[in-house]
Amino acid sequence: MATETPTRALFMLFGGTGDLALRKLYPAIFNLYKKGSLSKHFALVGLSRKELTDDEFRAKIIDSIASETDDKAQAEEFASHFYWKSHDVNNLGHYAELRTIADELDKKYELEGNRVFYVSMAPQFFGIVAKNLKDQHVLSENGGFNRLVIEKPFGRDYESAKKLNDELTSAFNENQIYRIDHYLGKETTQAIPVIRFGNPIIESVWNQNFIKNVQVTLAESLGVEDRAGYYDTAGNLRDMIQNHALQIVSYLAMDEPNTFVDTEIRKEKVKALESMEIYDAEGVKQNFVRGQYGAGDGSPAYRDEPGVPKDSNNDTYAAGKIVFNNPRWGKTPFYVRSGKKLAAKQGRIDIEFKKPLVDIFAKGTKQPQELQSNVLSLLIDPKVGIVLNINTKNSEQGFHTETVDLDYVQSPERAAEVPLPYERLFHDILNGDGTYFASWPEVAAAWKFVDPIQHLWDATQPDFPNYKPGSMGPKAADDLLARDGNSWYYPNVR
Ligand code: NDP
Ligand code: BG6
């Protein structure tokens, strides 16, 4: 394996003792350090209003990376690069102090002015942090890089997202902004362009002539857990479909970029997202379905979960049909669905191909069953892999066709070595690679698609609850596909 030159960088992490930072971000940075993408030339300043000493902060870091290492000396050496600063994001004086600390650490660790500002805080703070960093001159001005990383959610509709984006771009250029979508850090999502454009046998049939429909399923078995405060104001359409599902759809639907670099890929993703048909109210009714889980098998209904209002109309499930007005996809539908408290935790993509125009095996008495469609399944999480089913003859006496799987499913040993999504994304940020981040035009196109759906849902009373925990969602989601002569492939087939 090629050894890479470690990147020199100073991280400033806003929300430095928050849940995300402690559970995901520090372990990801530690793994980069362990693997040599960061070396002795890095430092991190953790920031929030808390008063902590550097030692107290370092003890939290060691705790946070405990699952990643047994090597105490290495953990301590890593944590020695961490510094704490009590910082209120609204206090301008605190930014002047931060600038001084940043300059000192830059010298001490020879960081060449490279700075990553990671805003892992509630979204109302994203804009103000970016503005204050710029106005108070915390950005380095000596030729090093300045990169701003923004957590989700990026707005709650097109208007709020645009306002946020205007705030960010008054301080940073688009190519300095990294909008995190952790689904883009997952192995299978990252593999989509290679599976498509690296395999002529696949890409040559990747269009409406051969593909009957595409299904993206992001199913979760957990419920809302302790996140009602956020989730009840968001809902599944905003929380999973607008970002994760539509990003996956964009890699599946886009045309081939000229080269595999972020600027070219983004152009194609945007073109695909902008060609999604935007529904009017009637279109929304026909093409989108919402759901909310009721009680079942000893688990409470969503409306009885802690922190959820008893009359909440929030969607814990959403499914819909996307139609692309472009030459590649014509009327081949893309279906997306996502929900909480479903039968299983599984993210996957199922691509159903058209059957042969004439089934010669169905003639006479030789073939009692119809040929099955070929289905290419890309398994995202927790099972990771690629499965293609094809029709062949079975080995018994007499002539019968059967469908078999050609599959590659990642082994547990291999899975244990695969970088965590946040580790991959940090790696790309350090390398200035925006391939697996959402650009503003993509985010804008996704909101423009989602807004009319959300508006209609907000304006009409749903008949909730409408699905049982442990099911695959409301029946209306099955009817949606049935109207087109389709059905959900998962989990009906395997
Ligand atoms: P937390 O509520 O756990 O952390 C928020 C942090 O912000 C705390 O460290 C808090 O510290 C700090 N903070 C709040 N107000 C101020 C202020 N005025 N000045 C400075 N710091 C302040 O949030 P999460 O870690 O859960 O989430 C962070 C971001 O990540 C959010 O955008 C969220 O949507 C996103 N996210 C989180 C996920 C998760 O699993 N947690 C998953 C996906 C996305 P203090 O009170 O000390 O100031
Ligand atoms: C987050 C959503 O973005 O993704 C959560 O806010 C959801 O509601 C989570 O549970 C799912 O991510 P993963 O990686 O566990 O599938």
**Fill in**
In the range 1-47, residues that are within 16 Å of ligand 1 (Cβ to nearest atom), free of Cβ contacts under 8 Å to residues at least 40 places away in the same chain and farther than 14 Å from E68 by Cβ total 3
**Asked** Between residues in the range 320-344 that are at negative phi and within 16 Å of ligand 1 (Cβ to nearest atom) and residues that are assigned to a loop (DSSP other than H, G, I, E, B) and among the β-branched types (V, I, T), which pairs lie under 8 Å by C-beta distance while being six or more apart or on different chains?
**Response** K340/V224; K340/T316
**Asked** Across the range 447-485, which residue is nearest to R337 (Cα to Cα) among those that are among the polar types (S, T, N, Q) and within 26 Å of the chain's Cα centre (by Cα)?
**Response** S471
**Item:** Enumerated helices (runs of 4 or more DSSP H) restricted to the range 88-196, each holding at least 3 residues that are touching a residue at least 60 places away in the same chain (Cβ under 8 Å)
**Value:** 92-109, 158-169
**Asked** Within the range 174-190, can one find any residue that is within 26 Å of L379 (Cα to Cα), more than 16 Å from ligand 1 (Cβ to nearest atom) and of a type in the set (A, V, I, L, M)?
**Response** no
**Message:** Can you tell me which residue is farthest from H244 (Cα to Cα) among those in the range 372-392 that are assigned to a strand (DSSP E or B) and polar (S, T, N, Q)?
**Reply:** T392
**Asked** Any residue in the range 218-229 that is more than 16 Å from ligand 1 (Cβ to nearest atom) and either within 19 Å of V384 (Cβ to Cβ) or open to solvent by less than 40 Å² (accessible area, probe 1.4 Å) (or both)?
**Response** yes
**Message:** I want to confirm something. Restricting to the range 314-356 and keeping residues that are in a loop (DSSP other than H, G, I, E, B) and small (G, A, S), which single residue is surrounded by the most Cβ atoms within 10 Å (Cβ to Cβ)?
**Reply:** A343
**Request:** Among the candidates L22, L44, L13, single out the residue that is modelled with pLDDT of 95 or more, more than 16 Å from ligand 2 (Cβ to nearest atom), surrounded by fewer than 21 Cβ atoms within 10 Å (Cβ to Cβ) and not hydroxyl-bearing (S, T, Y).
**Result:** L22
**Prompt:** Quick check: anything in the range 83-95 more than 12 Å from ligand 1 (Cβ to nearest atom), at pLDDT 95 or above and open to solvent by 60 Å² or more (accessible area, probe 1.4 Å)?
**Reply:** yes
**Asked** Does the range 65-82 hold any residues that are within 16 Å of ligand 1 (Cβ to nearest atom), loosely packed, with under 15 Cβ neighbours inside 10 Å and not small (G, A, S), and which are they?
**Response** none
**Complete:** If you go through I248, I211, the only one that is surrounded by 18 or more Cβ atoms within 10 Å (Cβ to Cβ), farther than 24 Å from P441 by Cα and more than 16 Å from ligand 1 (Cβ to nearest atom) is I211
**Fill in**
Taking the range 291-313 and keeping only residues that are part of a loop (DSSP other than H, G, I, E, B), of a type in the set (D, E), surrounded by fewer than 17 Cβ atoms within 10 Å (Cβ to Cβ) and modelled with pLDDT of 95 or more, one is left with D311
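The values are calculated or read from the model by the stated rules, or taken from the named source; none is laboratory data. These figures come from a predicted structure and were not determined experimentally. We place every Cβ from the backbone using ideal geometry, glycine too, and count neighbours over all the protein chains shown. To get the accessible areas, we keep the full protein, side chains included, count just its heavy atoms, and leave off ligands, DNA and RNA. Shrake-Rupley method; radii C 1.70, N 1.55, O 1.52, S 1.80 Å.
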